[in-house]
1. Specify the residue that is farthest from the chain's Cα centre (by Cα); the eligible residues are those in region 242-268 that are within 18 Å of Leu219 (Cβ to Cβ) and either of a type in the set (S, T, N, Q) or at pLDDT below 75 (or both).
2. Which of the helices (runs of 4 or more DSSP H) found entirely inside region 192-305 contain at least 2 residues meeting this: more than 16 Å from the ligand (Cβ to nearest atom) and either closer than 30 Å to Thr395 by Cα or hydrophobic (A, V, I, L, M, F, W, C) (or both)?
3. Scan region 507-558 for residues that are of a type in the set (A, V, I, L, M), in a strand (DSSP E or B), within 16 Å of the ligand (Cβ to nearest atom) and over 25 Å from Arg623 (Cα atoms) and jot them down.
4. Kindly list the number of the only condition in (1) within 16 Å of the ligand (Cβ to nearest atom); (2) without any contact (Cβ under 8 Å) to a residue 24 or more places away in the chain that fails for Glu459.
5. Scan region 312-330 and tell me whether some residue there is modelled with pLDDT of 85 or more, assigned by the TED database to the domain that holds Ala399 and hydroxyl-bearing (Ser, Thr, Tyr).
6. Which of the residues spanning region 663-703 are within 16 Å of the ligand (Cβ to nearest atom), assigned to a helix (DSSP H, G or I) and either more than 44 Å from the chain's Cα centre (by Cα) or at pLDDT 90 or above (or both)?
7. Can you confirm whether Arg73 is touching a residue at least 24 places away in the same chain (Cβ under 8 Å) and within 30 Å of Leu314 (Cβ to Cβ)?
Amino acid sequence: MDCGPACLRMVSKYHRRNIKLQTLRDLCEIDREGVSLFGISDAAEKIGFRSLGVKISASEIREAELPCILHWRQNHFVVLYRIRNKRYYIADPGAGLIVLSEIEFTRNWLEMADNDLGIALLLAPSPQFYEQDDEREPNINWTFLMRYLVSYRKLAFQLLFSLGIGSLFQLITPFLTQSIVDVGINTRNLSFVYIIIIAQSALIVGRVSLEFIKSWILLHISTRVNISILTDFLIKLMKLPISFFDSKMTGDIMQRMSDQRNIEIFLTGSTLPAVFSMFNLLVFSVVLAHYNLYIFLVFVISSFLYIGWIWLFLNQRRILNYKSFEVMSRNQSSMVQLINGMQEIKLNNCEQQKRWEWEHIQARLFKFNVKTLALNQYQQGGATLINEGKNLLITFLSASAVIHGNLTLGAMVAIQYIVGQLSTPIEQMLAFIQDFQSAKISLERLNEIHQMRDEEPIEKLFNHLIPENKGISINKLTFRYPGAGNDPVLENINLYIPQGKTTAIVGMSGSGKTTILKLLLRFYEPQEGDIKVGNQLIGNISYKTWRNQCGVVMQDGFIFSDSIEKNIAVGDEHPDRSKLDHAVKVANIESFISGLPLGFNTKIGAEGNGLSQGQKQRLLIARAVYKDPHYIFFDEATNALDANNEKIIMDNLTKFFEGRTVIIVAHRLSTVSNADNIILLNNGRISEQGTHLQLAALKGEYYNLVKNQLQLDG
Ligand SMILES: Nc1ncnc2c1ncn2[C@@H]1O[C@H](COP(=O)(O)OP(=O)(O)OP(=O)(O)O)[C@@H](O)[C@H]1O
């Protein structure tokens, strides 16, 4: 999803400028579908590139100025940075640097292309490109992550202590073994052997107990670190603007959250044991060197070979990690969709199609698993060969040393033991390297979120008071949804919403009514024009302060899986009973609640399951009333209610609305006819405004829009 901005960042880096990924992301205007070539070209021009989007053939691309951005396999962007001897050098944001033959290159670039022409974005830096300063990424780095461990330093010390004692026990064992052979067997002293066996048994018991304690301490640390990382991630998510949730897929966010386990595994499962592996490795190596220098050398060389072998696979692992993340997040999204959309799937008889789509993703996942297994097998196979070869060589060397009288038999047994013991720390070190790599990638993914701008950044000063004059004025406002190429949804809107009055917005479906509400609720920032409360720009008021004063019922209002009381008094730790009673009375849901066996404490199913649409709407209205705000925003808040219920609620609300500034979006005449001012939106522009009587008398668009309802009303 971020491949476009990432490509632009790489091209900028090639021309020696560092621009933050987040800046480029904002400039590219990524939406739910990702980024378009038009979006990248727009962003490129804004940072000072001259850009040219072209459709060219594979032979023409050789003449182009490099690096350039290519539309890859019709669903991705990559950078082509060099062509030499018919080899094409590609920087792929998902797969790293790759070199392709001409056939592979054209197959990927021209996949499903018309007339063998591929899409490329040619970029050349203008002088303006070099005039701007570099931006540095404020990264969450390893030092930052280590702070998670620092909070548990007492437990970490206990862990280190138990690991230390464990190492000591391990260190004593070879000497005991040697003494059994050299002293016990040579002098035929069975009592001595008994004593040593008892000592060894005690050591074993000690080690097993230490393992127990170690596991418990690790569980405590890792659970807490895990919760801390996730909590910080959630805190960050909650600080992001609402518009972020428009562009990120649920699967992506969920995958990032489960992916962070890699960091926790690395911090707790790998780092501390790795410290001891190093320690064990050092101590045992010294002991080994003390027994025999040649054997020690063989051990060192083979260990380096072993580590080098594993290192060879790291890049491949990284590429697989990126690809599998993408497929896994798609898998998560598809699972969520399947479960949430089951009703529609069944009603439309498309179970098979949807299952096939899911199976297709599983097939891709399987492909990745096959690749990962193959990679592991190559890695493991080579590693075992090196390891076993080393063991055989050491056995041979020590046996011949015993034969030549340079080593006692007991020392040979001890060496075998040490070599066996040494394989554990080496494997732990390797696990450490691999875990480090996975954690680094996960950290980058977390960083992508942590680097995003907060809705309310601390460095910006916001007003925490709503002005005395609470009227809202919208001036020359033009807005289009993020996503390059999107047309404006609202154009040149000038509107005054007076304090203490009710303003209704009507218009055809898709004319931009909800968008106005969303702008007033500050889901998005307008591209042109401004919104003021009194004489203050709405953007300067703290989001929290503003939303505290807004009671909202949106079309897709959310019901939590919780009690009715908690659903009405959301965010209130100790709901006020008299306010609750008043809210349910206004929303005319009183009799429904009192008819339930548990009344206010009745639990509602997930997302309001078990409630009718009308009951859900009434619950949402009660929520807005309970909040007792100055501003009320209703978007089709009563459209699911029967006429009777609607009339009662509208009568109640009319009283509740007194003195408040109300904005209602509705189609029904009964809801809007009493408004002080009615705004008619047509295709993102205001075409008529006035009271119901004025507009009806005009016999214009408003009249046509509500004609049927007017006739019914007589
Ligand atoms: N998140 C979004 N991204 C891109 N376009 C959007 C988004 N949300 C809405 N739109 C588009 O903006 C236009 C106005 O939508 P809006 O929801 O404001 O209309 P509306 O007048 O409230 O319609 P309705 O009466 O059907 O609710 C529509 O053309 C819609 O497709």
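1. Looking at residues that are within 18 Å of Leu219 (Cβ to Cβ) and either of a type in the set (S, T, N, Q) or at pLDDT below 75 (or both), I get Thr268.
2. On the way: elements: 244-247, 250-259, 261-264, 272-291.
Hits in region 192-305: 250-259, 272-291.
3. Passing the criteria: only Ile531.
4. Single failed check for Glu459: (1).
5. No, because not a single residue in region 312-330 is modelled with pLDDT of 85 or more, assigned by the TED database to the domain that holds Ala399 and hydroxyl-bearing (Ser, Thr, Tyr).
6. Glu701, Tyr702
7. yes
The rows are residues; the columns are (1) surrounded by fewer than 15 Cβ atoms within 10 Å (Cβ to Cβ); (2) at negative phi; (3) at pLDDT 90 or above.
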{"site": "Ser398", "(1), (2), (3)": "no, yes, no"}
{"site": "Gln416", "(1), (2), (3)": "no, yes, no"}
{"site": "Glu444", "(1), (2), (3)": "yes, yes, no"}
{"site": "Gly471", "(1), (2), (3)": "no, yes, yes"}
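The values are calculated or read from the model by the stated rules, or taken from the named source; none is laboratory data. All of these numbers come straight from a predicted model, not from anything done at the bench. Reconstructed Cβ throughout: ideal geometry from the backbone, glycine too, with neighbour counts over all protein chains shown.
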